[in-house]
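FYI, it's all coordinate maths here, none of it is from the lab. Bear in mind that the values here come from a model prediction, so they are computed numbers and not experimental data. Positions of Cβ are backbone-derived with ideal geometry, glycine not excepted, and every protein chain shown enters the neighbour counts.
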Amino acid sequence: MIITCASSKGGVGKSTTCACLAGAFAHLGEMVHIVDLDANRTVSRWFQDSRTRPRAISVSTPDPQHLTEHLQELGRTTAPDLIMIDVAGAYERALTVAAARAHLTIIPTTLSEADVYEAERTAGHIDQIFASFGQEAMFRLLLTKVQPLQSHGQRHAAREIQRKQLPLLKGIMGLRAAYEEIGLSGLPPHYADASRETVAKAVAELDALRSEVLALVKQREPKFTALSSAGGIR
Amino acid sequence: MSKPTPMFRSIGEPLDVSDDALNKVVDKLGVPSLVKPDSSPAHASRPVPVAPSALIRSDVQEMSQAPLLANEQAPAALERISVDLPTYLGKAMRMRVAEEGTTMRFLVMQGLQAIGFKIDLRDFVSDGRSTRGKGR
């Protein structure tokens, strides 16, 4: 299964989403490979220390121009259960190819005008690409950095997403220290200190998100009917 | 009896089309490609362009004390260009600049570089705010 985290805007939480979901799946014993296409190398930097990186997670940083060949090579060699692709926050070719090769594209967005605008733009672009080949795209927006007390502006952004009928994941990622700390510790919430409240809450959010993602892919792809939260995702 | 027409577009695998086919659509839509920074030896020793806000105190001190390389040229002369943009775009740009702690100039140059304009690294780092201050 291939999941792409994409948005034409930076700072929306693509790398965080990628690292967190990778951790959530890896925690079930799945082999997860992250393809880092972002020139900033955020995810690969977080996971560069092999002493702290979860064993089930590996990362590669191929030339975005050769993504298709790289995915084929991964399929032939290590054949991970899940491949997560993190793209740069820009409207560009690599985003297009990464979305085209994915079973599901997650478009993270915060509840701000600028992020929602770019999320809609990204969604429209992916839709257009798939429609060019007579297929329907599979993408979902994911709300990130959601604050417990939402401002008027945030509530408006949420209403706008609803009004524009942009498909949205039910699960969210709140504004939590556990997410922000990945860059410091290299540990996604599922591998961090579970006794801390922020970690426990993040894990609960991610478990729900993982289940929702699996259900979506199963619904779309009959060959994934064997998937379960405790089973393999091959 | 006529053959029924499918009501919906088919939902299938990820796009099983060649990169060439994908590229044709991408080109048709005018989607740009990000260009890798020049990594030739002439540029290798130069600092990577960073947004002004990314600099920390020690970086600033180090850069201000470091002598210019013999072959290093001063930044190019500046020209003021003003354009009228849709209000929503101006707002989105200001928000992006605020969020990333950078400048409008840096944002615009990033965009121009992404679609193929050549911009010297020495011109990329500059932060217009400092030059305005010195002129007064």
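So here's what we get for this one:
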quantity	calculated
Within 10 Å of each Cβ in A:36-45, the average number of Cβ atoms from other chains	1
Residue A:104 long-range amide H proximity, modeled H, under 5 Å	A:2, A:4
Cβ charges +1 (Lys, Arg) and -1 (Asp, Glu), total dipole of region A:68-162, debye	180
Centroid-to-centroid separation of region A:42-111 and region A:133-175 [C-alpha atoms, Å]	23
At most 13 other Cβ within 10 Å, DSSP loop - trypsin sites (Lys or Arg not before Pro), region A:1-61	A:51, A:55
Rough spin-label spacing in nm, given labels placed 7 Å along Cα→Cβ, for residue A:50 and residue B:110	3.4
Estimated 222 nm signal from helices in chain A, with DSSP H stretches of n ≥ 4 weighted -39500 (n - 2.57), rounded to 500	-13000 deg cm²/dmol
Additional length obtainable on full extension of the chain from residue A:163 to residue A:212, 0.36 nm per residue less Cα span	15.4 nm
Average beta-carbon neighbours from other chains, 10 Å sphere, peptide B:22-29	5
Selected from A:202, A:103, A:59, residue furthest toward positive end of dipole (chain A; charges at beta carbon)	A:202
Cross-link table A:145/B:118; B:91/B:118; A:14/B:24, entries beyond 32 Å C-alpha to C-alpha	A:145/B:118
Cα shape, chain A, gyration tensor, a/c 1.5 rule	rounded
15 Å Cα-Cα reach of residue A:9 towards aspartates and glutamates, excluding residues that sit fewer than 8 places from it in its own chain	A:38, A:86, A:92, A:113, A:115, A:118, A:120, B:99, B:100
Exercise: per-residue mean of other protein chain Cβ atoms within 10 Å, A:96-109	3
